[in-house]
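Report on one structure; see the data block that follows.
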Amino acid sequence: MSPYGTRRYIIRQVLARVLPSSWLPYLLHLRPRAWVIVTAHMSVGFFLSNGLSFLRENLARWALAALAWGVLGNGGTLAINSAFDRDEGDIGYLEDPPPIPRHLSLFAVTMMLLGLAVALSLGWRFTIAYSVCLIMSLLYSVPPFRFKARAGWDLLINAIGFGALTIYAGWAAATQPLMPPIVNVSLAFFCFFVGFYPLTQIYQMSEDVERGDYTLALALGKRNALHLAFLGVGLGFVFLTWEVLQRYQDLRAVGLVLALLAWLAVLIPWYRRHSRASVDDEQRGFYHALYAWALTDVAVLMAMMPLG
């Protein structure tokens, strides 16, 4: 059992006492731990637009965006992925997953459609971004398309959805048109996800082989997957640096240097030991990369968020 699972089984045990036993697998396969991560990333786009404005209207729009994107859309996406993967080992944001409940795919699609209904209240920009991600979610997981099993397509869908469109969705929820800094920031996070995505696959390579999925990490091998991680992260910081040099030359931008160092602190040791790293080491590296991602979100806000 992963060391990341033991602490969280306490929460699972509490939920098992509160919820009917047939409900718990549905909730767990929505992977609630990911709700916070995705909502936080989306919130970066929202705060880049509004700053720390806590007017009632702004808070209401943020809450609806968090519900639609972070909970219903993201939760449904992860659940439908579980429904067709049928993993038995640890998966992203869920260790020791419960058996797949009978109606999980229908439940997942229902969640995503409920999210679309909420998205409609946030304007056409947010709705288009949400709709694109809904379609990509189905193409990613559901046969006969199942792009997650096609090396390259799996990366492209995730980099567009979780990387670029998630941060753009926060901006769109504030009804802002395309303008600086969201274009370069979205491109930067597209690249960051190009770097991050192979890290989510490396520790699951054995299960992917057994299932017959030909993921990007399998196509590249561990060494080249880590090369891609370095490339994606590097390009991400190129876009952020370009935006800073054009509009945000201020001491506030120093946080981006710290974020870069955080990524290097994850990737360099991983690369040095990739040939002898255990599955637990690789899973731990994935979670450490999430911390570097979170620090990058914070650094972008520090550097570019309006203060007025």
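All of the numbers you see were taken from the coordinates with simple rules; none came from a lab. Every value quoted in this text rests on a predicted model; they were computed, and no experiment measured them. Note: ideal-geometry Cβ built from the backbone for every residue, glycine included; neighbour counts use all protein chains shown.
Descriptive notes on the structure:
- Spherically averaged projected area of the convex hull of Cα atoms, region 144-228: 6.3 nm².
- Spread of Cα-to-Cα distances over 10 Å intervals beginning at zero, given as percent, for the chain: 6, 27, 35, 25, 7, 0
- Ranked by the mean number of other Cβ atoms within 10 Å of their residues, highest first, the peptides 169-179, 215-225 come out as 169-179, 215-225.
- Translational D in µm²/s for region 95-243 (Stokes-Einstein at 4 °C, 1.567 mPa s, Kirkwood Rh from C-alpha pairs): 77 µm²/s
- In loop segments of region 256-300 as defined by DSSP, the trypsin sites (Lys or Arg not before Pro) with at most 10 further C-beta atoms inside 10 Å of their C-beta are 276.
- For region 40-160, fraction of C-alpha pairs farther apart than 25 Å, in %: 29 percent
- From phi via Karplus (6.51, -1.76, 1.60), per-residue ³J(HN,Hα) for region 161-168 in Hz, x at Gly/Pro: x, 6, x, 7, 6, 5, 6, 5
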